[in-house]
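A short worksheet on the structure shown next.
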Amino acid sequence: MGMLFDDVVIIKQAEKEDEATMITINCPDKTGLGCDLCRTILFFRLSIVRGDVSTDGKWCYIVFWVVGKPGTIWSLLKKRLLEACPSCSSANTLIFYPPESRPPKPADVFLLKFCCRDRQGLLHDVTHLLCELELVIQRVKVSTTPDGMVMDLFFITDTRELLHTTKRKEDTHDHLKAVLGDAMLSCDIEMVGPDFTACSHGPPFFIPPAITEDTFNLEMFDESKHGSQSLHSDSVSVTVDNSLSPAHTLVQIVCGDHKGLLYDIMRTLKDYNIQISYGRFTRKEKNVCEIDLFIVQADGKKLVDPSKQSALCSRIRMELFRPLRITLVNRGPDTELLVANPVELCGKGRPLVFYDITLALKMLNMDIFSAEISRHLIGGREWEVYRILLDDGDKLSVPTDKIEEDVRKMLMGWD
């Protein structure tokens, strides 16, 4: 008897405010499925507080317990999770995508261009709207003119894959008009080629060499050499054990919690083409998280090579210790905020980074003179780099340490 479509993803909403919503996923397996599901949950601004994963290599059973702010559209979340799951017809084999052959077709890229009068918090309000409309920001170019006008260029993709239609374009225009009001002077949406969001080779010129050499060096990361640059996570423990299972390698992780923690673990394993056979994630007291993962390599064998073990542990430690890189740079009389995060090998970036940056700056009453998102190949990996030029007259009203701290807290989900 076949499995009912509605039974692939089941969401049992919490009955009380202090309880977690349980999401059950029962579908064919594929390498990187956990990463894709965690990315979707993160996009809906939910935090995973507990998780169980079990698979026989063909079929998997996953349970997530999530918490978040009221207003989550659970039916839409279920639809997006279903889209991330392989079809039941693929259950006869494990779906494995080698790094050199990624089958998903790149999404069509559209340019949303509008001009309006500037005001404080404008950029976040627009970003918030685009997230609500499920329009994913791939690249941004925002500039302010001396007379207080703003020209915004958003290169976006549509999760609903409808932006090529007149109705979807008109709906987006109407929602923008509702947010901007009479301040909006013009608005246009057109399809553009993928070259507009392509990755640039080499470190960007605007990042100082000292930052590039230190911040983006992921080889054999040793946190003791870097000191504690994390406000809430002073240590990350990653150990490998091959003695407990004849067929699997056990990876044990103990670390402090942050927004997207499980996503950071899953995307790292996905990039290494590691398959999880069984896993358990638990958030303990004082936001300490414990993760046990029984894994195999793409060939179905244990991870026994010491050099591969060391490389994997170092990468996981680095990704959890500093999943995002944040710094403030002086540009003469101006101050620029730089944020960077690694991009998955499949080309997808971390969700809602620009949303969190602009929200933190809005809460600090900081004006943004210009903003830009671009992708660059640094240290053999693709990175998304966010440049925010702050506009606060001759002198910042908020200390730079306070700006960096608040942006970091927002991105990491720390109160």
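Largest to smallest in accessible area, the residues T127, T145 fall in the order T145, T127 (1.4 Å probe, all protein chains included). Taking all protein chains as shown and a probe of 1.4 angstrom, M151 keeps an accessible surface of around 70 Å².
For the set S243, S310, solvent exposure ranked by accessible area (probe 1.4 Å, protein chains only) runs largest to smallest as S243, S310. Near V398, no amide H atom lies under 5 Å from its own; only residues 5 or more places off or on other chains count, and H is placed 1.01 Å from N.
For segment 266-339, what does the alpha-carbon gyration tensor say about shape, rounded, prolate or oblate, given a ≥ b ≥ c as the root eigenvalues, a/c under 1.5 as rounded, and a/b over b/c as prolate? Prolate.
For segment 271-310, rounded, prolate or oblate, judged on the Cα gyration tensor with a ≥ b ≥ c (square roots of eigenvalues), a/c < 1.5 rounded, else prolate if a/b > b/c? The shape class here is prolate. Here's the list of aspartates and glutamates a cross-link from K12 could span, going by alpha-carbon distance under 20 Å and ignoring same-chain residues fewer than 8 apart: D52, E83.
In whole percent, what relative contact order does segment 299-409 give with Cα contacts below 8 Å and a gap of six or more residues?
Once divided by the residue count of segment 299-409, the mean separation gives 26 percent.
For segment 105-201, the convex hull drawn through the C-alpha positions has a volume of 105 cubic angstrom per residue. The distance separating the Cα centre of segment 112-169 from that of segment 263-302 comes to 36 Å.
In the calculated pair-distance distribution of segment 242-300, the portion above 13 angstrom amounts to 62 percent of the Cα-Cα pairs.
Rounded to the nearest Hz, the phi-derived 3J(HN,Hα) couplings of segment 160-170 under the Karplus curve 6.51 cos²θ - 1.76 cosθ + 1.60 (θ = phi - 60°) are 7, 6, 10, 5, 6, 8, 4, 4, 5, 5, 5, where x marks glycine and proline. Accessible surface for W59 stands near 70 Å², nearest 10, in the context of the full protein assembly shown (1.4 Å probe).
Solvent-accessible area of R375, all protein chains in place: 20 Å² (probe radius 1.4 Å, heavy atoms, ligands and nucleic acids excluded). Listed cross-link partners K30/K270; K141/K402; K78/K169; K58/K284 are compared with a 21 Å cut-off, the Cα-Cα value being larger for K141/K402; K78/K169; K58/K284.
Shown is the FRET efficiency for D171 and T239, computed with R0 = 60 Å from the Cβ-Cβ distance and rounded to the nearest 0.05: 0.75.
The values are calculated or read from the model by the stated rules, or taken from the named source; none is laboratory data. A quick note: this is a predicted structure, and the numbers were derived from the prediction, not measured. With ideal geometry, Cβ positions are generated from the backbone for all residues, glycine too; neighbour counts draw on all protein chains shown. SASA here: full protein model, heavy atoms, side chains in, ligands and nucleic acids out. Shrake-Rupley method; radii C 1.70, N 1.55, O 1.52, S 1.80 Å.
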